[in-house]
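The values are calculated or read from the model by the stated rules, or taken from the named source; none is laboratory data. These numbers come from a predicted model, not from an experiment. When we count neighbours, we look across all protein chains shown, and the Cβ atoms used for this are built from the backbone with ideal geometry, even at glycine. We work out accessible area using only protein heavy atoms, side chains counted, and drop any ligands, DNA or RNA first. Shrake-Rupley method; radii C 1.70, N 1.55, O 1.52, S 1.80 Å.
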Amino acid sequence: MWPEFKARGYRKTGNNFRLYNSDGWGKIVNIQKSSFSDKDAISFTINTGLYLVKADTMFEVAREERFLEPDCLVRKRIGNLNGLQKDLWYELTQATPLEEVGQEVKKDFLSFILPYLDSIESEEDICHQIIRERRPKSVEAIRALFDCGYQDESRQWVEEELSTTIYRAWRQQLTVFKNSLA
């Protein structure tokens, strides 16, 4: 799959294919091996992430072009992208036909991962996805929208959440955030 990513301007580091745009956004694909894998059985899944420098609060200094999938505001696994809405892990064992798994992974990359990532071409595209999906449901996502210039959408999202949530902690977080905007 590397040639497909390289042609799109991605860089490869370890199990990551990363594209960073100097406008402050990026996208990444990460191949995650299961911690339960051993020499006789390897399981792995495919993670994707959409990164906004304005939302990178994990470290004091934004990671920018060195961001990793956990640094991303929007994170999806192949099981979310392929429409199954379940966690999907590929399995390799002594009995697994390697060619079959390879074809399945290639099909998933070409049918789901690349089209999804190719649809994101800007910070604006990431923000529109967050607005449309209302995910991730976090103050960080709402703050990132606000910081990216979507103040009305951010305020509307906060009001909708405040009017529908039954969770006290979530209500408190939203109230603190709302008051910080005043």
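Some notes on this structure:
- Note on the stretch 127-136: residues that are at pLDDT 95 or above and either under 12 Å from the mean Cα position of the chain (by Cα) or over 29 Å from residue 172 (Cβ atoms) (or both) amount to 2.
- Qualifying positions in the stretch 115-126 - surrounded by 14 or more Cβ atoms within 10 Å (Cβ to Cβ) and either within 18 Å of residue 171 (Cα to Cα) or touching a residue at least 60 places away in the same chain (Cβ under 8 Å) (or both): 116, 117, 120, 123, 126
- Out of 49, 9, sole residue that is open to solvent by less than 90 Å² (accessible area, probe 1.4 Å) and part of a loop (DSSP other than H, G, I, E, B): 9
- Looking only at the stretch 112-138, residues that are under 14 Å from residue 8 (Cα atoms) and among the β-branched types (Val, Ile, Thr) come to 2 in all.
- The selection criterion, being open to solvent by 70 Å² or more (accessible area, probe 1.4 Å) and in contact (Cβ under 8 Å) with a residue 40 or more places away in the chain, holds for residue 143.
- Among the residues making up the stretch 59-82, those that are part of a loop (DSSP other than H, G, I, E, B) and either of a type in the set (Phe, Trp, Tyr) or open to solvent by less than 50 Å² (accessible area, probe 1.4 Å) (or both) are 59, 62, 67, 72, 73, 82.
- Failed item, numbered, when residue 108 is tested on (1) closer than 30 Å to residue 6 by Cβ; (2) surrounded by fewer than 12 Cβ atoms within 10 Å (Cβ to Cβ): (2)
- Any hit, the stretch 92-101, residues being within 21 Å of residue 141 (Cα to Cα) and assigned to a helix (DSSP H, G or I): no
- Conditions (1) of a type in the set (S, T, N, Q); (2) in a helix (DSSP H, G or I); (3) open to solvent by 90 Å² or more (accessible area, probe 1.4 Å): number failed by residue 85: (2)
- Taking the conditions (1) open to solvent by 60 Å² or more (accessible area, probe 1.4 Å); (2) closer than 13 Å to residue 50 by Cα in turn, residue 151 satisfies each one other than (2).
- Of residues in the stretch 137-182 being outside any helix (DSSP H, G or I) and over 19 Å from residue 124 (Cβ atoms), the one farthest from the chain's Cα centre (by Cα): 182
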